[in-house]
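The values are calculated or read from the model by the stated rules, or taken from the named source; none is laboratory data. Fair warning: this is a prediction, and the values are worked out from it, not measured in the lab. Heads up, the Cβs are rebuilt from the backbone with ideal geometry, glycines too, and the neighbour counts pull from every protein chain shown. The area values use the complete protein model at the heavy-atom level, side chains included, leaving out ligands, DNA and RNA. Shrake-Rupley method; radii C 1.70, N 1.55, O 1.52, S 1.80 Å.
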Amino acid sequence: MQIFSFNRQLVSNLMLYWCLFFCLYIISLSVSAQALLEVKIEGADDQQQQNILAHLGPVPEASAQLNSYIAKARDKTQKALVALGYNNANINTKVQRELTPLRLLIQIESGPATHIRQMNIEVPGDASQDKDFQAFIQSMQTHKGQVLNHGRYEAWKSELQNYARSHGYLSGKWQQHELKVNSETQQADVYLAYDSGIRHKLGEVNFQGSDMTPELLSRLSPLTSGEYYQSSHLSALESALRRSGYFADVLVTPDLNAIEDYHVPVNVALTDAPGHSFKVGLGYVTDTGPRAQINWRTPRVNRYGHSQETTLRYSTVNPYASFLYQIPGDDPLTHSYQLKLGLEQNDFGDLSSTQKHAAVVSQSTAHKWIWAAQLRWLDEKWSLDGLDFQAGYLLPGLTLSRTRRQGPIRDPEEGFLQNYQIEATDKLLGSDGRLLRVSAFWKWLHRFGNHRLVLKGQAGINITGIDTVEDLAPSLRFFAGGDQSIRGFDYNSLGPTAEVQTSEGLQTKVVGGKMLAVGSAEYQYYLTPDWRMAIFTDAGNAFNRNNFNPVQSVGAGVHWLSPVGAVRLELAYGVSEDDPPWRVHISMGAEL
């Protein structure tokens, strides 16, 4: 037992000595890591000091290198000042060895700066007839009269050569690049002469790695063979191919080794996108309650670029299934033909509706507006207290929309959304009634500091030739109330009513109206970058002609700015009612 005790004590002492040694070693490293020399500069402005320190480089950590560092300090300081245009500076260096650490004192009298007297820039060759190139040269010549900076002079040479090469002057070469400095007069002359040669043009675009039809790939390309070559054209081609959604990877390169007759071929390496993608989501909004959704997308059904998207969503109020088949148009990025099929259920006021619809759509984008001309077929069945109804419509229509947004999608700083739709039909088209339906939606928002203002408006009108809406399908009528309409009221619970004889006697039921006018104003204040509070008021209603009875609500809420958009928790009261209703609203998603 005694031997065991002795050995344990020995081990303990060894561990103590090792810890002390390790601490002393760390302290010695810390001391040795302290700077051996301090550099102090007097008489220089911030720019001069930064350039001098950059030329001097880091102070050596080994004492054997100090003398060399100090000996070269004056020459390096002079080069640093000359680079900034100070060619006649007086520089004095001395070492203050009595200090710890040593101090290298650099005293400077920079003197007058050298100014650029002349900017002589010439570009013979095709560039001499290129207005854009000449404008670029004119912008460089505005530096005449400025203080000479050798770094900028080198940058001008690079900018001139890079501009030439990126704009198709691929055989250009320097004839002269010279900087002449007169240290007596403190003036400098710049001479740049770059022979641009013949401007090259775009050659054939060669696509590899995809079995998409050459005709479709050609329509996706914004390039035109024979136009002047520009590197920005290659970026535009890569961007267009990526935006198409057909490809997982795109690499666009000019083949500079295969130039013929000053035409540059372009090689495009493509990797097709995965054949199918699936998304599954769970969510909750007050209007429709909990919901589950699955989305199946095939970005390329065939080599002609057709695509499909199938969506199934279940909720207790509004379950639906939809199918979209899309065919690329003349410009696949801005024009497409679509076939839409859908089946859904929904509650409109006191009406329960089942809709089957199909549409053929031609959609295009022009001047940031999205235009959609469509022919829609709607077959709708609905019931009201055991009474069943059915109607069918063939609806030609036009939709026009535009979204302008600044800032991140999850929380835009500024934006304006507009959407307009018009549909019309007649019994001559096989519909169960005559109808002209016009609707519009607007949303505007603007942030200033921690404050944000959001304004919304909805309007609509149905012209049927008769005053009642009882023969009109519920999805074509107008209702109000809910998260996206007038908060404080249930989803689609507002609108004109009708007296209906039921098993419990005569009751008033919400059946919807021929017109709609709803507005909203909301003020938001940011508590943190990810949280904000809101106060709001909503007003309006669905109504029939000469019978507008607006309701109003007020409320407040808190919003969390999640990565996928704002999650909004809001409490609203219907203040216009004798017995004010109240409702908690939960919603989420992008605002524009």
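Positive end of the dipole of the chain, charges at C-beta (+1 Lys, Arg; -1 Asp, Glu), about the Cα centre: which of THR468, GLY488, GLY111 has its Cα farthest in that direction?
Checked the options; the winner is GLY111.
Which Cα, out of LEU395, SER196, ILE294, lies furthest along the positive dipole direction of the chain (beta carbon charges, K/R +1, D/E -1)?
With unit charges placed on the Cβ atoms, the residue in question is SER196.
Taking only protein heavy atoms and a 1.4 Å probe, what accessible area per residue, in Å², does the chain have with all protein chains in place? The partial results should precede the final answer.
Numbers: 32450 Å² over 592 residues.
For the chain, the solvent-accessible area averages 55 Å² per residue.
Within the set of other residues whose C-beta is less than 11 Å from the C-beta of ALA391, count the net charge using Lys and Arg as +1 and Asp and Glu as -1. Display every interim value, and only then the final one.
Values: positive: LYS381; negative: ASP379, GLU380, ASP432, GLU470, ASP471.
Local net charge: -4.
Compute the angle between helix 131-141 and the longest alpha-carbon principal axis of the chain, please, reported from 0 to 90 degrees and rounded to the nearest 10.
That helix lies at roughly 50 degrees to the long axis.
Roughly how many debye, to the nearest 20, is the charge dipole of the chain about its Cα centre, given +1 on each Lys and Arg Cβ, -1 on each Asp and Glu Cβ, and no other charges?
On the way: 52 positive and 60 negative charges, 270 e Å.
Rounded to the nearest 20 debye, it is 1300 debye.
Taking amide H positions as placed in the peptide plane 1.01 Å from N, state which residues far from PHE348 in sequence (5 or more) or on other chains have amide H under 5 Å from it.
Placed amide hydrogens put SER353 under 5 Å from PHE348.
Take the solvent-accessible surface of the protein heavy atoms, probe 1.4 Å, and return the percent of it on the chain that carbon and sulfur atoms account for.
Details: 17730 of 32450 Å².
Result for the chain: 55 percent of the exposed heavy-atom area is carbon or sulfur.
If you keep only loop residues by DSSP, which trypsin sites (Lys or Arg not before Pro) in the range 344-438 have at most 11 other Cβ atoms within 10 Å of their Cβ? Could you put the intermediate results ahead of the total?
Working: sites: LYS356, LYS368, ARG376, LYS381, ARG402, ARG404, ARG405, ARG410, LYS427, ARG434, ARG437; in loops: LYS368, ARG410, ARG434.
Sparse-neighbourhood loop trypsin sites (Lys or Arg not before Pro): LYS368.
How many angstrom separate the Cα center of the range 487-563 from the Cα center of the range 343-397?
Here the two parts' Cα centres lie 22 Å apart.
In the range 384-411, which residues have a backbone nitrogen under 20 Å from the label point lying 7 Å from ALA366's Cα in the Cα-to-Cβ direction?
Once the point is set 7 Å along Cα→Cβ of ALA366, 396-404 turn out to lie under 20 Å by backbone N, inside the range 384-411.
Could I have the simple spin-label model distance between GLU344 and GLN96, label points 7 Å from Cα toward Cβ, reported in nm to one decimal?
7.9
Report ILE422's accessible area, 1.4 Å probe, all protein chains in place, as a number in Å² to the nearest 10.
Here the residue's solvent-accessible area equals roughly 70 Å².
For the Cα atoms of the chain, what angle does the longest principal axis make with the long axis of helix 150-166, in degrees from 0 to 90, nearest 10?
For helix 150-166, the angle is close to 50 degrees.
Output the 0 to 90 degree angle, nearest 10, between the alpha-carbon long axis of helix 46-56 and the longest principal axis computed from the alpha carbons of the chain.
Roughly 60 degrees between the two axes.
Rounding to the nearest 20 debye, state how big the charge dipole of the range 59-217 is about its Cα centre with +1 on each Lys and Arg Cβ and -1 on each Asp and Glu Cβ.
Working: 17 positive and 17 negative charges, 170 e Å.
Value, rounded to 20: 820 debye.
Around THR497, with a cut-off of 11 angstrom between Cβ atoms, what is the net charge of the other residues, counting Lys and Arg +1 and Asp and Glu -1? Numbers along the way, then the final one.
Values: positive: LYS509; negative: ASP350, GLU499.
Taking every other residue near THR497 into account, the sum is -1.
Classify the range 433-524 as rounded, prolate or oblate from the Cα gyration tensor: take a ≥ b ≥ c as the square roots of its eigenvalues, call it rounded if a/c is under 1.5, otherwise prolate when a/b beats b/c and oblate if not.
Values: a/c = 4.59, a/b = 1.79, b/c = 2.57.
Cα axes put the range 433-524 in the oblate bin.
Which residue, TYR337, SER244, GLN507, has the largest displacement toward the positive end of the dipole of the chain when charges sit on each Cβ (Lys, Arg +1; Asp, Glu -1)?
Working it through, the farthest residue towards the positive pole turns out to be SER244.
Using 28 Å as the Cα-Cα cut-off, could you pick out the over-long pairs in LYS356/LYS514; LYS279/LYS456; LYS94/LYS157; LYS279/LYS356; LYS340/LYS368? Kindly include the intermediate steps, with their values, before the conclusion.
Numbers: LYS356/LYS514 22 Å; LYS279/LYS456 31 Å; LYS94/LYS157 38 Å; LYS279/LYS356 24 Å; LYS340/LYS368 23 Å.
Beyond 28 Å: LYS279/LYS456; LYS94/LYS157.
Before rounding to the nearest 500, sum -39500 (n - 2.57) across all DSSP H runs of length at least 4 in the chain and divide by the residue total; then give [θ] at 222 nm in deg cm²/dmol. Walk me through the intermediate numbers first.
Working: 8 runs with 107 residues, N = 592.
Per the formula, -6000 deg cm²/dmol.
So if I place +1 on the C-beta of Lys and Arg and -1 on the C-beta of Asp and Glu, and nothing else carries charge, what would the dipole magnitude of the range 276-317 be about its Cα centre? I want it in debye, nearest 20. Present the calculation step by step, with values, prior to reporting the outcome.
On the way: 6 positive and 2 negative charges, 46 e Å.
I would put it at about 220 debye.
Trypsin sites (Lys or Arg not before Pro), restricted to the range 62-162: which are DSSP loop and have at most 10 other Cβ atoms within 10 Å?
Those satisfying the criteria are ARG97.
How would LEU417, LEU343, LEU217 rank on accessible area, largest to smallest, probe 1.4 Å?
Values: LEU417 35, LEU343 85, LEU217 10 Å².
Order by accessible area, largest first: LEU343, LEU417, LEU217.
Short version: ³J(HN,Hα) in whole Hz for each residue of the range 346-361, in order, from phi by Karplus 6.51 cos²θ - 1.76 cosθ + 1.60 (θ = phi - 60°), x for Gly and Pro, what are they?
7, 10, 10, x, 9, 9, 10, 10, 10, 10, 10, 9, 9, 8, 10, 10
Pop the C-beta distance of ILE409 and LEU375 into the FRET formula with R0 = 35 Å and round what comes out to the nearest 0.05. Intermediate results must be reported in sequence, preceding the final value.
Working: r = 32 Å, r/R0 = 0.93.
The value I calculate is 0.60.
For the range 529-592, which GluC sites (Glu not before Pro) are both in a DSSP coil and crowded by at most 15 other Cβ atoms within 10 Å? Write out the running numbers ahead of the final one.
Details: sites: GLU570, GLU577, GLU591; in loops: GLU577, GLU591.
Qualifying residues, ordered by number: GLU577.
At 1.4 Å probe size, put TYR153, TYR337 in order of accessible surface, largest to smallest. Walk me through the intermediate numbers first.
Details: TYR153 15, TYR337 100 Å².
Largest accessible area first, the residues go TYR337, TYR153.
Compute the distance from the alpha-carbon center of the range 253-317 to that of the range 68-104, in whole Å.
Spelled out, the Cα-based centre of one part sits 62 Å from the other.
Once R0 is set to 56 Å, what does the formula 1/(1 + (r/R0)^6) return for the Cβ-Cβ distance between LYS131 and VAL301, expressed as a FRET efficiency to the nearest 0.05? Walk me through the numbers before you get to the answer.
Working: r = 47 Å, r/R0 = 0.83.
Rounded to the nearest 0.05, the efficiency is 0.75.
Count charges around SER431 for me, please; just the other residues with Cβ under 14 Å from its Cβ, Lys/Arg as +1, Asp/Glu as -1.
Overall, the nearby charge balance is -2.
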